[in-house]
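The values are calculated or read from the model by the stated rules, or taken from the named source; none is laboratory data. Please read these numbers as outputs of a predicted model, since none were measured by experiment. Cβ placement follows ideal geometry from the backbone for every residue including glycine, while neighbour counts extend to all protein chains displayed. Only protein heavy atoms, including side chains, enter the accessible area calculation; ligands, DNA and RNA are left aside. Shrake-Rupley method; radii C 1.70, N 1.55, O 1.52, S 1.80 Å.
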Amino acid sequence: AKQNQTFLMIFGGSSVTAGHDNYYNESYPYIVKKRMSPIFSALGIELIVGTTDFVGWEQSYNCGHDEPVFETATRIATWSANKAMVYYSASGAWTPSDCPPSTDSPPYCSEDWTPSVAGLREWDPSLADIMAERDLLNKFNEDHSSAARFSGSFNREYSGIGIHGFNVWEKNKHCTFVNEKTKLTESGCNGIDSVQKCALRFMTKEAAEYGSGKNGAKWHPSKIQRVLQPRVQRHRYSWLQCVGEEQA
């Protein structure tokens, strides 16, 4: 990659994005920068969170059914000099306060957790592994995009800006989970169903703690839950680097 390049990201949203009930350094934009900077640095690109190569939008509480507002974010991206990517994120959170404490030390949901600390081998995917994950994501996206709620009515009118998103409330036929009551595997679930309450290793009592040390609003992501989404993004976006290196 060329050196001295920059990649500019801008975020808009509600108290969910701003990190209310937590500190500023636990807000979503701050954690995205912290998590993603090493990936961009490896490509010789400086990541700047503030303006537009990437537009992140979250405000489905107050503007959740307002298509002109959704389209405004896409227009901003389209008008930007580099045609920014658009990332729509549904508002809201769920708090695993009833889940038991983690048996890991540090807890799996902690920013201090790493595979080496847990005595696990780092994942070293081949190009075939990454392509298989890419194909799986494409299959989910083709059935029902996570951004469909926000951009479904105008998605085809804007090309080259990579509209995508994060929305745990939307159902997808490829999503499967074990029904807690029937113990049968079912399909057509959403992200909330798939984590199966306390079954996901991430979802322990520690994941319900807020940075303020107080009980936060139930719609505000906790301190640790703010780590989850950027962690997923880093994992997915880092594949771009792996594919580039394998194909170079």
Looking at (1) under 28 Å from G165 (Cβ atoms); (2) at pLDDT 80 or above; (3) of a type outside the set (A, V, I, L, M); (4) open to solvent by 40 Å² or more (accessible area, probe 1.4 Å), can you tell me which one F70 breaks? (4)
Residue count, the stretch 73-93 (criterion: part of a loop (DSSP other than H, G, I, E, B), of a type in the set (A, V, I, L, M, F, W, C) and open to solvent by less than 60 Å² (accessible area, probe 1.4 Å)): 3
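Residues are listed down the side, and each one gets a yes or a no for (1) among the charged types (D, E, K, R); (2) touching a residue at least 40 places away in the same chain (Cβ under 8 Å); (3) within 26 Å of S159 (Cα to Cα):
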{"site": "F54", "(1), (2), (3)": "no, yes, yes"}
{"site": "N62", "(1), (2), (3)": "no, yes, no"}
{"site": "D66", "(1), (2), (3)": "yes, no, yes"}
{"site": "F70", "(1), (2), (3)": "no, yes, yes"}
{"site": "Y87", "(1), (2), (3)": "no, yes, yes"}
{"site": "P106", "(1), (2), (3)": "no, no, no"}
Residue tally, condition touching a residue at least 40 places away in the same chain (Cβ under 8 Å) and over 17 Å from N138 (Cβ atoms), over the stretch 152-164: 5
Given the residues S102, S145, S110, S153, which is the only one that is open to solvent by 40 Å² or more (accessible area, probe 1.4 Å) and either part of a loop (DSSP other than H, G, I, E, B) or among the charged types (D, E, K, R) (or both)? S153
Residue ID - modelled with the lowest pLDDT, chosen from residues in the stretch 156-187 that are closer than 25 Å to W219 by Cα and exposed (fewer than 13 other Cβ atoms within 10 Å of the Cβ): E180
Suppose we filter A42, A1 for residues that are farther than 18 Å from W219 by Cβ, modelled with pLDDT of 75 or more and over 15 Å from the mean Cα position of the chain (by Cα); which single one remains? A42
Mind checking which residues of the stretch 174-191 are in contact with a Cys (Cβ under 9 Å, 6 or more places away or on another chain) and in contact (Cβ under 8 Å) with a residue 24 or more places away in the chain? C175, G191
